[in-house]
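Data first, discussion second: the structure below is written as structure tokens.
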Amino acid sequence: MSVSMRQREIERQPWAGPKRKYDIVKEGTIAVVVVAILTIGLAWIFSSPDEPALTFKGWATSAPENFIVTTVAEIAGTSDSASYGPPYNAGESQAIGPISPAQWPGVTQPIDPVNDFVIIPLKSQQQPQGVMTALQQWDAATPDQQMTWATNLDTAINDPEGADGDPNKVPDGDYGPTTTLTAGLFHMATSGALDGVLPAPGQFFNTNSTKQIMFLGDGSYLDDAGTAFHLQGDLWGMMNETGNFPGQQWLMPFSFWYQLPIFNSADETGFAATLTANGDIYILSIIGVFMLLLIFVPFIPGLRSIPRWIPLHRLIWRAYYRRRTQP
Amino acid sequence: MLGITDPPVATPTFIEWGWFSISIPNLIVIGVMVLLFALAFVLPFPGSHGKDSTGDES
Amino acid sequence: MSTEQSVEEFVPTTWTGKIRKSAQRALPYDKLMPETQPAYVASWIYVFGVLTIAALAMIIVSGTILSIEGPTWWHESSTGHFVNSLHFWSVQLFFLFMVIHLWGKFWMAAWRGNRARTWITGVIAFVISIAAGLSGYAVQTNFDSQWVAFEAKDGLNATGVGAYFSVTNLGQMLMVHIFLLPAVIAIIVVAHVLFVRLRGVVPPIDAALVEERNRVEEMQS
């Protein structure tokens, strides 16, 4: 029998060679004690990070202009949430060529920013007479009329030659009730009422924070906080942690791809622009392929032979390889 | 302008090489991981030179 | 052996009996809880599997305390914050040990000799642990969970997974994190360990060479 055939036989049969004493229960007990001491020590010395959650009240108070501009974008349907696509609303989503997996399940968590973020929260609370009248005017208008008002205000407030993001500098125009609605939501936010109402207006229980996170993310408040904590995605953000703590380093093989210039391009057109715009789906596909390779290493010729070619095993089993049956 | 642009707590120091950037705490944890891996290979295991039930050592 | 029937003699007549017989034949107690180990199992690299399981035990214990007290307890109580710290650091240790274990098993080519199932369950446990970790970051109910949820949703949504695994949905993430994923991980880890006991620890890559060399030396002496 050849050595390689004998090797395969050894691998498949119960071990018949030399043995040593071994106590699996004792080993497990020691491991638990050691890890418990390590964990308690680390927790005792270093504690753990806990930065308070941002609130809409905090946003509207510390960045009022940005809150107002974002609210106008929600009414006009120009925010990130409004144009996100599946699973929140109908629209385009990231794709590899013609393949766009986000479209397959469709809209499973519908978000309609103008109603979910602005109109319904306003209606769920008692409002000043002006806001009540504005809501009635809004409801009575046709969708086209609503859109015209909202687009006029959205354009005016963001006009780089005019208001340029400053709500106080918006010139007079045909905005209908949209300015009053925006002001009404702003007051709800500064009073803290929006924080409680947004996830489930008029409901007692709320367990789904999706609408809060989406609205919060449409403005610059969350983004600025992320930047301040050095958590941006193009700066290995997913791996990092608030405060002086290690983060999810196990996401490094994933975060790595987002750092490559090709997925981080400022180009408007071309290959890099396509990859950057569809970065998530490309990177997750790459990760998916690597994951399958890792799972199926035992069956992939070449890959499974690397430990033979780079024989680190001689270090692991050096004592056994040195054994002699005869002295 | 925004109160939060100055975080109230210390953010970690980052080490940067071109597009590569890593926080010191993450670097320490990964460093410890690599070190433990290397040590596990080279440190002698107690009992690996001792007696066992059948064979004996040279 | 007077009153007990031996496994081989036992002729099962029920589903229960058939399962018992095949389980007893595949994994008799002396294989499940052995008192010896092949002599080659002698390296510090072998301790990282059991260390990973010990860290998982710490995660489960600290997580159970956190779950009993509720998701926002640890913001208000210093005891709660300490238990959260235990949870945080046991997760760091868990991944640290697991990655070293994975590297070690790769360099041993531990999938040899019908042990592919052990390798595959191990990698799947690693992947699901990453999902469990992510869901844990999303249920901290602090700034970190707002940020992680906002960032992570795009990748998940792009693949279509986000339609059903919504990191921005606190209620869903909480249940996924404290029940579903831990249950899946526990089942996979049990299967992983049983596969190790079933096949035994993989022999050295050069086991046959050593045997041959020793045989030749024996003949010469």
Can you run down the residue pairs with Cβ atoms below 7 Å, 6 or more apart or on separate chains, where the first is in segment A:47-71 and among the charged types (D, E, K, R) and the partner is assigned to a helix (DSSP H, G or I)?
A:ASP50/C:HIS75; A:ASP50/C:HIS81; A:GLU51/C:PHE143; A:GLU51/C:ASP144; A:LYS57/A:ALA189; A:LYS57/A:THR190; A:LYS57/A:ASP195; A:GLU65/A:PRO167
Which listed residue, of A:SER79, A:SER83, is without any contact (Cβ under 8 Å) to a residue 40 or more places away in the chain, within 25 Å of A:TYR221 (Cα to Cα) and either within 24 Å of the chain's Cα centre (by Cα) or outside any helix (DSSP H, G or I) (or both):
A:SER83
For A:LEU194, which of the numbered conditions (1) assigned by TED's automatic domain parsing to the domain that holds A:PRO86; (2) in contact with a Gly (Cβ under 7 Å, 6 or more places away or on another chain); (3) buried (at least 21 other Cβ atoms within 10 Å of the Cβ); (4) under 26 Å from A:LYS57 (Cβ atoms) fails to hold?
(2)
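Yes/no matrix, rows are residues, columns are (1) of a type in the set (Val, Ile, Thr); (2) outside the structural domain of A:THR71 (by TED's automatic domain parsing); (3) more than 30 Å from A:GLY97 (Cα to Cα):
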{"site": "A:ASP218", "(1), (2), (3)": "no, no, no"}
{"site": "A:PHE254", "(1), (2), (3)": "no, yes, no"}
{"site": "A:THR269", "(1), (2), (3)": "yes, yes, no"}
{"site": "A:ALA272", "(1), (2), (3)": "no, yes, no"}
{"site": "A:ASP280", "(1), (2), (3)": "no, yes, no"}
{"site": "A:VAL289", "(1), (2), (3)": "yes, yes, no"}
{"site": "A:LEU292", "(1), (2), (3)": "no, yes, no"}
{"site": "A:SER305", "(1), (2), (3)": "no, yes, yes"}
{"site": "A:ILE310", "(1), (2), (3)": "yes, yes, yes"}
Qualifying residues in segment B:15-38 (those that are over 11 Å from the mean Cα position of the chain (by Cα) and not aromatic (Phe, Trp, Tyr)) - the one farthest from the other protein chains (Cβ to nearest Cβ):
B:ILE15
Check A:ASN208 against each of (1) within 13 Å of the chain's Cα centre (by Cα); (2) not in a helix (DSSP H, G or I) and name the one condition it does not meet.
(1)
Can you tell me which residues in segment C:157-171 are part of a helix (DSSP H, G or I) and surrounded by fewer than 22 Cβ atoms within 10 Å (Cβ to Cβ)?
C:THR159, C:VAL161, C:ALA163, C:GLY171
Residue list for segment C:101-156, filter: part of a loop (DSSP other than H, G, I, E, B), of a type outside the set (D, E, K, R) and at the interface with chain A (Cβ under 7 Å from one of its Cβ atoms):
C:MET108, C:ALA109, C:TRP111, C:GLY113, C:ASN114, C:THR141, C:ASN142
Which residues, taken from segment A:46-69, are within 14 Å of chain C (Cβ to nearest Cβ) and among the β-branched types (Val, Ile, Thr)?
A:THR55
Can you tell me which of A:GLY279, A:GLY247 is within 9 Å of chain C (Cβ to nearest Cβ), crowded, with 19+ Cβ neighbours inside 10 Å, farther than 15 Å from C:VAL148 by Cα and modelled with pLDDT of 80 or more?
A:GLY279
Checking the conditions here, which among C:LEU27, C:LEU66 is over 30 Å from B:PHE37 (Cα atoms) and surrounded by 15 or more Cβ atoms within 10 Å (Cβ to Cβ)?
C:LEU66
Over segment A:101-140, the set of residues touching a residue at least 60 places away in the same chain (Cβ under 8 Å), closer than 30 Å to A:ILE286 by Cα and part of a loop (DSSP other than H, G, I, E, B) is A:GLN109, A:ILE111
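The values are calculated or read from the model by the stated rules, or taken from the named source; none is laboratory data. Here the structure is a predicted model, which is why all the values come from computation and not from measurement. Cβ sites come from the backbone with ideal geometry, for glycine too, and all protein chains shown count toward neighbours.
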